[in-house]
Amino acid sequence: MSSPETRLERQLLQALATERTLITTLQAHLEMTPPGPYRRLLERHLRETRAHAGNLSNRVEPQTDLPGAAINLVQTAAGQLFNLAKAPFDLLRGQPGPDLLDNVRDECASEAFEIALYDAIEALALALSDEDTAELARIHRAEEERMLADLRALIPSLASGPKPRPELPIEGYEDLNAGQVTARLSELSQADLNAVLTYERNHRNRRSVVERAERLLATPPWPGYDTEDTPTILARLTPEYAGPVRDYESRHRRRVTVLEAAQQQLTN
């Protein structure tokens, strides 16, 4: 049997090869994944996987006794082994286009493989009293376990198929950039603001849009205010409502006639 040091080096090289292989896989999956929770998971884990590969490269390559050609050979073999392990699943798909559920399933298998790999690295490192390597394995494994849990949580929604896209109160919403959307938010009722905010959080999650919508959420001066036209609001305007109407209107539709009438009520 190989020495404990050699076994640890081999496991670390396999981990490095796996992480480098998964960078390519995650990039490919990202290209076919629309905006939404799954895409955000892929983006996060791609960053983590790149960091893992960098950490392992710094740990393995300066310390290993193997020549560079041998390192590349081990990494290539490990990467090929990993790809071969999932090849039968790819062949069974037989579908003309990408299926996100298939991608998630394959990624779950990848995460389980990595978790077991880091279990082995931690155990070997502890046997050698190599606490630094054991801690590195624990940190990487924790991120793989989080990714696996998040992927599994996505499976029911992907299995049930895409939900009908809700009708949004801003025409051509998906074609607008963040600045164009935020410029329109003040025109919306509270119900429409909530609809846009919910949709944005679950899809593109653009920070400027979410923060602007959250700032605009407020309680209207009276029930049904958002659905009333200017003459109706002016007819109902009293000194009691003047302050709330002025504050609410100044943040939302900014109708000059309503603002002037509210201010006049306050100064009388």
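Observations on the structure shown:
- Kirkwood-type hydrodynamic radius, the range 220-268: 10.4 Å, calculated from all non-identical alpha-carbon pairs.
- Taking 7 Å steps out from each Cα toward its Cβ at Ile139 and Glu171 produces label points 5.3 nm apart.
- Here the contact order of the range 122-268, divided by its residue count and restricted to Cα pairs under 8 Å and six or more residues apart, works out to 17 percent.
- Calculated FRET efficiency for the pair Asn202/Leu266, C-beta based, R₀ 41 Å, to 0.05: 0.50
- Rounded D (µm²/s) - the range 119-241, Kirkwood Rh over Cα pairs, Stokes-Einstein at 25 °C, 0.890 mPa s: 128
- Peptides 205-218, 37-50, ordered by how many other C-beta atoms sit within 10 Å of their residues on average, highest first, read 37-50, 205-218.
- Between the C-alpha center of the range 135-149 and that of the range 221-268 there is a gap of 55 Å.
- With R₀ set to 30 Å, the beta-carbon distance separating Gln180 from Thr227 gives a calculated FRET efficiency near 0.75.
Each value in this text was obtained by applying a stated rule to the coordinates, not by laboratory testing. What you see is a predicted model, and the numbers here were worked out from it, not measured in a lab. Neighbour counts are summed over all protein chains in view; Cβ atoms, including those assigned to glycine, are modelled from backbone coordinates with ideal geometry.
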